[in-house]
Amino acid sequence: MTDYRYLIVGGGMVADSAARGIREIDADGSIGIISEDVDRPYARPALSKKLWTDPDFSWDDKVDLHTEETGAEFVLGTVVTSIDRDGKTVTTADGGTFGYQQLLIATGGHPRGLPGLEPSDRVLDYRSAADYRKLRGFADAGAHVVVVGGGYIGTEIASGVVQNGARVTLVDPDEVVGGNMFPDGLAAAFQQRFLDHGVELRLGRRVASGAEHDDGVTLTLDDGSVVEADAVVAGLGIEPATELAAAAGLTVNDGIVVSSTLVTDDPAVFAAGDVAEYPDRILGTRRVEHVDNAQQQGRQAGRNLADADETYDHTPMFYSDVFDVGYEAVGQVTTSLRTVEDWQEPNTTGVVYYLDDDELVRGVLLWNVWDKTDEARKVLAEAHALTPDMLPGRITP
C-alpha cells in the first residue's frame, strides 16, 4: 500500500490547484493524485477554445499545467472504486490500495451520452485531451462533424471545428441557438454567426437514436430525419460523479455536500470542483461547473487539506469565446429568468441582468465587456437594494 499525507481523487484542474494550495501551507507533505485520465492535469478550457483558434497556443507551454512542480505523484489511467473512511484508504479497479491522512474528492462529472451510442474514436463526449486529439484529426481531414447540444461547450466546439476546415452540423433542442441563455435579439445575432460560417443548423431537434458503423455514424432525430457524419460530439453537459462519495456514506444532493470550508461529513474528506455542492456567500447553495470555480475552489480545498480552515468565499465567473464574440458572466444566465438589457451597441457590447420573480438580480452577462466581474458580483451582493430601473448604466464597458 502507498500512503500519502494528501490524496486527491481526480486529475483535472481542481487537482492542480489543490496541490498548489497545499504547497502554500505545507512544503513537504506527500501528495498523490489518482486520475482516470491518461494525461497529467491540463487547462481544460483550451480543448474548446484556444487550441482551435491560436496556432501559437502550444500544449507544453500553455495547456499542460505542470503539476509535477508541486512534487505530487501521479497514478494515471486508474479508476478509484471505493473509499474506506474508517481505514483511510481508497481502492482502485486494478486492486491497488492507497492510504491518506486527508482526502480530496475532485471527480468532476460523467458526460451525458447519446441514445444507442457508446464513446469511441468517432463518438466523442469531449471531456479529455484524448477527445481533442481525435476531433482535431477529423477537422484536419475536412470531415463532417455533428455537434449535439447548443449550450456552452457545444457552441464553442462547433465554432472551433468549422473554423478549422470541417463541415459542421449543430443539432440543438432550442429553436434558436443560445435561446435558453440569451434574450431574443442577442440569441438571433449569436445564431447568425453560425450561419455566416457555414454551420448547418438542425434546431428544435433531439437525437432519438444513433448507430456507429465502419466509416461513420448515423443519427436519427426525433422528427425521423437522418444525419450521416464522420464523427459526433455530444455536448450535453455532465452528471456530477458522486457515486464514490455516496457509497462511502457521505451526504450527496445535487453534488457532494460540503461546508463553507469545503469539508464533507467526514473531517478528513473534502470535495471541490464540478462535483461539490457548496454554500456561496452571495448566491446560496449551488454547484458550479466552470474553470474559475475549479481553480479557486481547488486552491482553497488544498489549503484547507493542510489545515488552513478558511472559508471559500469566492463567487465564480464563467466565460466563453465563439467566433468573434466573447462574454463573461456571474450567477444564473437563463431565459427562465426575466432580463433587463443595457446595450452600448445593440447585441454587440453591453450587459444583461437576469432577475427572479422577486425582481432580485440572480445573474449578470457581460457581452464583449471585460474585467467587470467584480462589479457584477457587487450587483448580485446588493440585489435586495436594487430595483430594475437602477440597473441600466450600473456596469459600463
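The values are calculated or read from the model by the stated rules, or taken from the named source; none is laboratory data. Since the structure is predicted, the reported quantities are computational estimates derived from the model, not experimental observations. Here the Cβ positions follow ideal geometry from the backbone for every residue, glycine too, while neighbour counts run over all protein chains shown.
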Kindly provide the set of residues from segment 305-348 that are within 23 Å of A158 (Cβ to Cβ) and either in contact with a Pro (Cβ under 6 Å, 6 or more places away or on another chain) or small (G, A, S) (or both), ordered by number.
S320, G326, A329
Quickly run through segment 177-198 and pick out the residues that are within 23 Å of G165 (Cα to Cα) and surrounded by 23 or more Cβ atoms within 10 Å (Cβ to Cβ).
V177, F190, Q191, F194
Here are some conditions: (1) buried (at least 17 other Cβ atoms within 10 Å of the Cβ); (2) in contact (Cβ under 8 Å) with a residue 40 or more places away in the chain; (3) not in a strand (DSSP E or B); (4) not basic (K, R). Q102 meets all but one. Which one does it not meet?
(3)
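Among G185, G224, G179, G165, which is the only one that is outside any strand (DSSP E or B), on the phi > 0 side of the Ramachandran plot and at pLDDT 95 or above?
Working: G185 fails: on the phi > 0 side of the Ramachandran plot; G179 fails: on the phi > 0 side of the Ramachandran plot; G165 fails: at pLDDT 95 or above.
So the residue among G185, G224, G179, G165 that is outside any strand (DSSP E or B), on the phi > 0 side of the Ramachandran plot and at pLDDT 95 or above is G224.
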Any chance segment 370-387 includes a residue that's surrounded by 13 or more Cβ atoms within 10 Å (Cβ to Cβ), in a helix (DSSP H, G or I) and in contact with a Gly (Cβ under 8 Å, 6 or more places away or on another chain)?
yes
Checking the conditions here, which among P45, P115, P119 is touching a residue at least 12 places away in the same chain (Cβ under 8 Å), under 30 Å from R206 (Cβ atoms) and not in a helix (DSSP H, G or I)?
P115
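Could you list all residues from segment 283-324 that are among the β-branched types (V, I, T), more than 12 Å from the chain's Cα centre (by Cα) and crowded, with 17+ Cβ neighbours inside 10 Å?
Residues satisfying the conditions are T315, V322.
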If I filter segment 139-153 for residues that are assigned to a strand (DSSP E or B) and closer than 18 Å to D39 by Cα, do I get at least one hit?
no
